[in-house]
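Q: My structure is below; once you've seen it, I'll send some questions.
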């Protein structure tokens, strides 16, 4: 990880995101750029004044972050359209990761339309949404896997964030319901499906391990039975990870088909930090 872009709206919810961005930049010796966007609809005189105030506020926040010494950090105040400029700058800066703060939402509907949702939906870079306090580096990540290329991209980025840590790959399996099957037949089908899923995930682990070399984390599989979102919540409660990673879709269309309904729900209500990654 060479470059990290942190989008700061100067609100209280950005404090944790800024601390996490600084922590990651220090851990990986990455270049950090902290940006904030001033609404271009403001009157020109007001915009100039707000830009100056924003620059002063960014300087004060950066200098106040604990353990920030030695971090290669810069700041940028832009006049524009919020999420569009964050996305544009992430590409110009060639960011390996975009870090955002967020308010937690009880439903997907309340999450839709927020800056975080739009950066995830329209952007092309991995997005780290910071919810939790920063107590140290990430050491354990749960990755929600549906065996797609998007999930593998999420696992790859997550593994790079926890070198020599733990990555738990979670795939929810569904019990077949066929009226004419007996319980024994259902169990047999379930066992066969679990074996197929495990084999596919082990193939992915082999690919990622070959890429990561001596920085490969410890991989573990978890194949709980049940509905996907509920299974993810249960595994987060069980393993108590520092981070949850999900793959997001890159198609155009309405929000839930672009992000993916499970990823959208996780981003809306997860109490820990969430990493959202699109497949290249």
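Q: By count of other Cβ within 10 Å, fewest leading, how are 279, 270 ordered?
A: Ordered from fewest to most neighbouring Cβ atoms within 10 Å, 279, 270 come out as 279, 270.
Q: Separate question: Quote to one decimal, in nm, the extra length available between residue 164 and residue 29 on full extension: 0.36 nm per residue of separation minus the C-alpha distance between them.
A: On the way: separation 135, 0.36 × 135 = 48.60 nm, distance 1.69 nm.
Result: 46.9 nm gained on full extension.
Q: Using 1/(1 + (r/R0)^6) with R0 = 35 angstrom and r between the beta carbons of residue 218 and residue 67, what's the FRET efficiency to the nearest 0.05?
A: In this case the efficiency is close to 0.85.
Q: So how far apart, in nm, are the two label points at residue 135 and residue 174 if each is 7 Å from Cα heading toward Cβ?
A: 3.6 nm
Q: Same structure again: Per 0.36 nm of contour for each residue apart, how much would the distance between residue 279 and residue 2 grow if the chain were fully extended, relative to their Cα-Cα spacing?
A: Numbers: separation 277, 0.36 × 277 = 99.72 nm, distance 1.93 nm.
Taking 0.36 nm per residue and subtracting the Cα distance, the gain is 97.8 nm.
Q: Further question: Highest mean first, what order results for 226-233, 239-246 on Cβ atoms within 10 Å?
A: Descending mean neighbour count gives 239-246, 226-233.
Q: Still on this structure, please answer the following. Could you sort the peptides 79-85, 211-217, 13-19 by per-residue average Cβ neighbour count (10 Å cutoff), highest mean leading?
A: 13-19, 79-85, 211-217
Q: Mind giving me the nanometre distance, one decimal, between the label points for residue 57 and residue 237, set 7 Å out from Cα along Cα→Cβ?
A: So the label points at residue 57 and residue 237 sit 3.8 nm apart.
Q: Related question: Mind sorting 133, 248, 114 by how few other Cβ atoms lie within 10 Å of their own Cβ, fewest first?
A: Fewest-to-most ranking of 133, 248, 114: 133, 114, 248.
Q: Run the quick spin-label model on residue 147 and residue 202: label points 7 Å from Cα toward the beta carbon, then report their separation in nm to one decimal.
A: 1.5 nm
FYI, it's all coordinate maths here, none of it is from the lab. Fair warning: this is a prediction, and the values are worked out from it, not measured in the lab. Don't worry about glycine lacking a Cβ; one is built from the backbone with ideal geometry, like all the others, and counts go over all protein chains shown.
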